[in-house]
Structures are given as structure tokens and as C-alpha cells.
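Have a look at the structure below, then the notes.
The values are calculated or read from the model by the stated rules, or taken from the named source; none is laboratory data. Predicted model, so just to flag it, every value in this text is computed and none were measured. FYI the Cβ positions are ideal-geometry reconstructions off the backbone, even for glycines, and counts take in every protein chain you see. SASA here: full protein model, heavy atoms, side chains in, ligands and nucleic acids out. Shrake-Rupley method; radii C 1.70, N 1.55, O 1.52, S 1.80 Å.
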Amino acid sequence: EVQLVESGGDLVRPGGSLRLSCAVSGFTFSRYWMSWVRQAPGKGLESVANINTDGNEKYYVASVEGRFTISRDNAQNSLYLEMNSLRAEDTAVYYCARGDLRNYNGLDVWGQGTTVTVSS
Amino acid sequence: DIQMTQSPSSLSASVGDRVTITCRASQGISDYFNWYQQKPGKAPRLLIFAASRLQSGFPSRFSGSGSGTDFTLTITSLQPEDFATYFCQQTFTTPPTFGQGTKLEIK
């Protein structure tokens, strides 16, 4: 069974840091681009970042560039999102998803999400 | 950034109804366009990709059409499990952007 399981979400103060993880199983992780998408409470979906198969090509939306870092460990079948200088507007459920955010074919498998709350 | 505008924002319909949801892009995006279905408390699921191609696992009562700036999601003969929020997405240019969502509710 194809499965993505996020973890690492927490309550953090503005300016703080957090590292999200996404554990993958059921498919050959190293063959797929991977993405992070977030959803603020009661709001729509927002692209965050994505990464190519070997980790040497990364894309970030402007609102997180310079603060967030996407990475992956193909040996561990894991995707990560390092988040620094967190702001209240980063509060959201963060989903990892299989595929390239910018690809014609969409994101075809999603995790259940992990909640990040930025508040003092 | 390309703006994606869905209409309506919410829609009430009955089981068995045919419904249509539209999404308009602020500039032409060819068919670099996807639809996602999201149920409360759940992750989104890819429903339609490349404007008209049905993702495996979804029944044929779902269909997508359009190209350029105007796109349509049609659900024929609504079933109870179809009540959800639907989001459109463009992947033509960066940043990839989503519509605000259309909440399909039971009448």
C-alpha cells in the first residue's frame, strides 16, 4: 500500500523553528519528485516547495524562500521540511505529496497532514 | 501569479443531481490544470489531471473539460460520497496556484 506519513508538527513561537518529516512506503521513493503543500485553517491549498528525485533541484514559493528548506533521504525513504523564522501566517496543516508541484500530472498521493501552529 | 477563480464557492445539491463547477484562470494555461477532491479532515485527492484525464480510483461520473482559461468539473448523478470540497490548480507557471475551493453540500 502506498503511504505517506507526516510528523513533526507542533505549536511554536513566532521566530522559532520546526522540522517536518514524511515517511514513505509502498513505492520506490527515489524515482519520484516530492512536494509540500499547506492549508491554513479553513482556507484553501498553497504550494510550499518541491524537490527532484536526487535532491539537487528544489523549488520554493516566494513566501517561504530563504526560511524553509526541503530535503530528502532516499536511503531512508523520507522527505523533510526544515522551517525557520516561523510566522503566524505559516500556521497550517502541512501535507507531503508525491509528484512535482509544477508537473502536468498533478500530485497523485498525499499524506494525512501534520499541524503547525505559530503563536505566542 | 496566475489567479484561479472557482464558482460557485458553495453549492447545494441532491443525490442523483448533475452538478457543474467552473474554474477560470487569470491567463491562459493550456491544459496544465488539475482538480482535487477533499473531504472534511482528510487530505486532498487528485481527481482530474491534464484538464480531462480521470485519476484511477474515481468513477466515470466525474469528468473534466476545458483549455486555456476556462475549465469545468462535471459530476453526473451525485452520490453521497461525492459531497466534499473541490479545488482546481494550475501548473502552467510558477508558482503553481489553487482555486479557493467549491464546497458541495447535500441539499
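Picking from residues in segment B:68-107 that are within 13 Å of chain A (Cβ to nearest Cβ), touching a residue at least 12 places away in the same chain (Cβ under 8 Å) and of a type in the set (S, T, N, Q), the one that is nearest to B:Ile21 (Cα to Cα) is B:Thr102. Restricting attention to segment B:1-13, which residues are assigned to a loop (DSSP other than H, G, I, E, B), open to solvent by 10 Å² or more (accessible area, probe 1.4 Å) and at pLDDT 95 or above? Listed by number, the residues that qualify are B:Gln3, B:Pro8, B:Ser9. Just to be sure before I move on: is B:Gly64 of a type outside the set (Lys, Arg) and outside any strand (DSSP E or B) in the structure I sent? Taking the combined requirement at face value, the residue does not satisfy it. Applying a threshold of 8 Å to beta carbon distances and a minimum spacing of six or more residues, or different chains, the list of pairs starting in segment A:23-46 at a residue that is free of Cβ contacts under 8 Å to residues at least 12 places away in the same chain and within 14 Å of chain B (Cβ to nearest Cβ) and ending at one that is assigned to a loop (DSSP other than H, G, I, E, B) and open to solvent by 10 Å² or more (accessible area, probe 1.4 Å) reads A:Gly44/B:Gln100.
Of the residues making up segment B:25-50, not one is surrounded by 19 or more Cβ atoms within 10 Å (Cβ to Cβ), more than 14 Å from chain A (Cβ to nearest Cβ) and outside any strand (DSSP E or B).
Within segment A:63-120, being within 11 Å of the chain's Cα centre (by Cα), away from every other protein chain (no Cβ under 14 Å) and assigned to a loop (DSSP other than H, G, I, E, B) holds for no residue. Going by the conditions given, is B:Thr22 part of a loop (DSSP other than H, G, I, E, B), surrounded by fewer than 21 Cβ atoms within 10 Å (Cβ to Cβ) and among the hydroxyl-bearing types (Ser, Thr, Tyr)? For B:Thr22, the condition - part of a loop (DSSP other than H, G, I, E, B), surrounded by fewer than 21 Cβ atoms within 10 Å (Cβ to Cβ) and among the hydroxyl-bearing types (Ser, Thr, Tyr) - is not met. Entry remark, segment A:22-43: residues being touching an Asp or Glu at 6+ places or on another chain (Cβ under 7 Å) and more than 22 Å from B:Phe87 (Cβ to Cβ) number 1 in total.
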